[in-house]
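The values are calculated or read from the model by the stated rules, or taken from the named source; none is laboratory data. Just so you know, these numbers come straight off a predicted model, no measurement behind them. Quick reminder, even Gly has a Cβ in these numbers, built from the backbone with ideal geometry, and neighbours come from all protein chains shown.
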2 protein chains.
Amino acid sequence: MASAHIAGVGMTEFGEFPERTGRDLFGEAGDTAIDDAGIDREEIDALYVGNFMGELSENQGHMGPLMAKAVGIDAPATRVESACASGGMAVRQAVKDVRNGEADVVLVGGVERMHNMGTTGATGGLSVAADDLWEIRQGITFPGAYALMAQRYFAVHGGDREDLAHVAVKNHANAANNPLAQYQTEISVEKVLDAPPVALPMGLFDSSPITDGAAATVLVSEEYAEEHGLETPVAITGTGQGTDNLALAERDSMVWTPATEDAGQEAYEDAGISKDDVDFLEVHDCFTIAEVLALEGLGFYDEGEAITAAREGETTADGDLPVNLSGGLKAKGHPVGATGVAQVTEITKLFRGDHVNSDAVEDASVALTHNAGGTVASAVVHVLEVAE
Amino acid sequence: MASAHIAGVGMTEFGEFPERTGRDLFGEAGDTAIDDAGIDREEIDALYVGNFMGELSENQGHMGPLMAKAVGIDAPATRVESACASGGMAVRQAVKDVRNGEADVVLVGGVERMHNMGTTGATGGLSVAADDLWEIRQGITFPGAYALMAQRYFAVHGGDREDLAHVAVKNHANAANNPLAQYQTEISVEKVLDAPPVALPMGLFDSSPITDGAAATVLVSEEYAEEHGLETPVAITGTGQGTDNLALAERDSMVWTPATEDAGQEAYEDAGISKDDVDFLEVHDCFTIAEVLALEGLGFYDEGEAITAAREGETTADGDLPVNLSGGLKAKGHPVGATGVAQVTEITKLFRGDHVNSDAVEDASVALTHNAGGTVASAVVHVLEVAE
């Protein structure tokens, strides 16, 4: 199967920018990616936009045409929404278009504004990613749902808050030198454990922040890159998607995520690799427990084993399997619809040697992105490889 | 290019069902389509969901997984949103998956609840399809935007409210015997002209209604249909998409819709047909003026000429080019995210001979759907043909 080659990437600073609109953020990320690719805007055949809750944050749906205008193109533009996996799902549609010959050049971007949520706050907005009837109206929030998953994990597999604290410490350490990350500060295990509770066992530093930001990537076919002399050192060689029941209570298990497993298996098979070929990865650590579940769902650890991965240094920058070298959602920030695209931009920079943590992946050739929606009712995985 | 064959279709009654949830409506339409196709649920490889404003109408985003559960499948599920073109855009992604070999069997459905909008009403919800900064905050609504387009049309090309009234009369006449249509009643030109104004020149009967409903279609590859002995008398042979500036004020013209033109041209070329091959079509008549603009944008009439098409009987059921034999958005109803899928289900039934208006298309072999978002900032066109 043909690959989708990455010709350019762009990302805004992630942080708190209540004065910036979605179109402003998206425009900056898109312009950066287009400039990075060195292509003319007229060459872009299609645009995919990942956005989760523009309707609630800025009274704005129908973001396809709006974001096309923001980057100065008039290509057919489509918005994809899968909660916090919106960005990754947009990447997936773009990848399919490129490798199936539907398009030679596709711009895919994601954007979210989260500091404009009025009386409900970001947590109220995020609630539409869960099952309104059987979760939200019963009073559960996302921190609450992940807290249940963590409590259940401790009960079934063991582990404790200190194990999870190492996940946060690791991801903050990785973000410390990332100029686009929301939090460029290292933290200690003690700081995580002493932080105010959000929904125990999830404390403030177990939780990804509220973030405004955007990210974008230009994907091209191999033929197009060759014909136009584009440098595309990295390609997306595999894609996979999984879906599970939306409500946590309708799952067989609260500590196993079949959507992640399905997405991973499909992506490995699609790329013709096994998980043993993967050198490093970005996973969806919206809460510290989520990183643990992702590493198990993707097959890197047996059930109940990933809880100590960060603590034992296996997933740190100098470990055998670096995870979230960008800082992850936890420290880089989590502008929901942008996250899945930002994972691709960060891995591309890591591979290209223009990321502050590139030294950690000097000999690497295969990486993964894992982006999840809700309590992993949706998951999408991409395999990125250094192009031959 | 391979075609996506239609193995089954389903649709709920369109109307006012404030007591029914989106999942309930979608489940009914999906179950009907799956039963109609005669396939096992496990055979479905992917689900696409068209929905516009679930976040506002039922505090519910992330509808991919929710609707997968509603129809009892666990296939990868993705929601597509392009305002009132959400359904058609979902169909487009499904068509691409089938013909590119990404999937053998895809379920695509659309759903919208519009009678649960609280204090803002449906018009408030619909506003997120327009440009929030440059349209909604300036006080314009969708009836107002289409009223501007109609006034401008009258000024540039001539025509009057009575011409447009014939569009509404025609579409109500077509819906009169459609058991799933919201309004199964004929109306007169006088009734249209005497109706209360919404935003002049658009009166109550120039406007599509507020509707709850869902529609679904099962698409399969030709190979799959053959191997499994499925009857697929109709196939989608072409798809096209167009995008324009979101805000009406940022267009070159208020009476020409380049997104429709682009979508039509791409779809014709993709199917290897010309507009002269088209026997009948369903177009996006959210307001009477929208049907006129669609017929011109698709190339069936020169600019300024489609205004009298209904009045002169050219687009009536017994005319040369029947338009909106289902009753259209105007009389069948317009549950926004479902509309683009419903157009496919209605044309399929018309071709198969199990529609009340099938007699009007007895010798027909080529039909079109045209689904638009906002003031046609998005448009998607599909070519449907009687399968060989």
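Overview of values
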{"quantity": "Some residue of the range B:222-233 being aliphatic (A, V, I, L, M), more than 14 Å from every other protein chain (Cβ to nearest Cβ) and either buried (at least 23 other Cβ atoms within 10 Å of the Cβ) or more than 17 Å from B:Glu346 (Cβ to Cβ) (or both)", "calculated": "yes"}
{"quantity": "Hits in the range A:45-62 (condition: facing another protein chain (nearest Cβ under 7 Å) and part of a loop (DSSP other than H, G, I, E, B))", "calculated": "A:Phe52, A:Met53, A:Glu58, A:Asn59, A:Gln60, A:Gly61, A:His62"}
{"quantity": "Which numbered condition A:Gly27 fails, given (1) farther than 12 Å from A:Val218 by Cβ; (2) in a loop (DSSP other than H, G, I, E, B); (3) more than 7 Å from chain B (Cβ to nearest Cβ); (4) at pLDDT 95 or above", "calculated": "(2)"}
{"quantity": "Check on B:Thr21, surrounded by fewer than 24 Cβ atoms within 10 Å (Cβ to Cβ), within 23 Å of B:Ala387 (Cα to Cα) and modelled with pLDDT of 95 or more", "calculated": "no"}
{"quantity": "Selection within the range A:64-88 - within 17 Å of the chain's Cα centre (by Cα), of a type in the set (A, V, I, L, M, F, W, C) and over 18 Å from B:Gly88 (Cα atoms)", "calculated": "A:Ala83, A:Cys84, A:Ala85"}
{"quantity": "Candidate set: the range A:348-381, residues that are within 19 Å of A:Asp270 (Cα to Cα) and away from chain B (no Cβ under 14 Å); chosen: the one surrounded by the fewest Cβ atoms within 10 Å (Cβ to Cβ)", "calculated": "A:Ser365"}
{"quantity": "A:Ile347 being of a type outside the set (Lys, Arg) and either in contact with a Lys or Arg (Cβ under 6 Å, 6 or more places away or on another chain) or closer than 24 Å to A:Leu219 by Cβ (or both)", "calculated": "yes"}
{"quantity": "Of all residues in the range B:82-139 being over 29 Å from A:Gln241 (Cβ atoms) and either in contact with a strand residue (DSSP E or B) (Cβ under 9 Å, 6 or more places away or on another chain) or acidic (Asp, Glu) (or both), the one that is nearest to the other protein chains (Cβ to nearest Cβ)", "calculated": "B:Asp132"}
{"quantity": "From B:Val9, B:Val49, B:Val95, residue being within 27 Å of A:Gly124 (Cα to Cα), out of contact with any Phe, Trp or Tyr (no Cβ under 7 Å at 6 or more places or on another chain), touching a residue at least 40 places away in the same chain (Cβ under 8 Å) and crowded, with 22+ Cβ neighbours inside 10 Å", "calculated": "B:Val49"}
{"quantity": "Subset of the range B:98-133 [touching a helix residue (DSSP H, G or I) at 6+ places or on another chain (Cβ under 7 Å), under 15 Å from B:Glu58 (Cβ atoms) and surrounded by fewer than 24 Cβ atoms within 10 Å (Cβ to Cβ)]", "calculated": "B:Asn116, B:Met117"}
{"quantity": "Qualifying residue in the range B:319-342 (condition: out of contact with any helix residue (DSSP H, G or I) (no Cβ under 7 Å at 6 or more places or on another chain), charged (D, E, K, R) and over 19 Å from B:Val111 (Cβ atoms))", "calculated": "yes"}
{"quantity": "Test result for B:Asp35, assigned to a helix (DSSP H, G or I), over 19 Å from the mean Cα position of the chain (by Cα) and surrounded by fewer than 24 Cβ atoms within 10 Å (Cβ to Cβ)", "calculated": "yes"}
{"quantity": "Tally of residues being in a loop (DSSP other than H, G, I, E, B) and over 26 Å from A:Gly213 (Cα atoms) across the range A:284-314", "calculated": "14"}
{"quantity": "Residues of the range A:319-362 that turn out to be in contact (Cβ under 8 Å) with a residue 12 or more places away in the chain, assigned to a loop (DSSP other than H, G, I, E, B) and not small (Gly, Ala, Ser), as a count", "calculated": "9"}
{"quantity": "Scan of the range A:248-260 for residues that are touching a Leu at 6+ places or on another chain (Cβ under 8 Å) and either at the interface with chain B (Cβ under 8 Å from one of its Cβ atoms) or closer than 15 Å to B:Pro65 by Cβ (or both), ordered by number", "calculated": "A:Leu248, A:Thr257, A:Thr260"}
{"quantity": "Number of the condition not met by A:Gly299 [criteria: (1) among the small types (Gly, Ala, Ser); (2) under 28 Å from A:Thr78 (Cβ atoms); (3) touching a Phe, Trp or Tyr at 6+ places or on another chain (Cβ under 9 Å)]", "calculated": "(2)"}
{"quantity": "Residue match in the range A:63-76 (condition: within 8 Å of chain B (Cβ to nearest Cβ), in a loop (DSSP other than H, G, I, E, B), buried (at least 23 other Cβ atoms within 10 Å of the Cβ) and not small (Gly, Ala, Ser))", "calculated": "yes"}
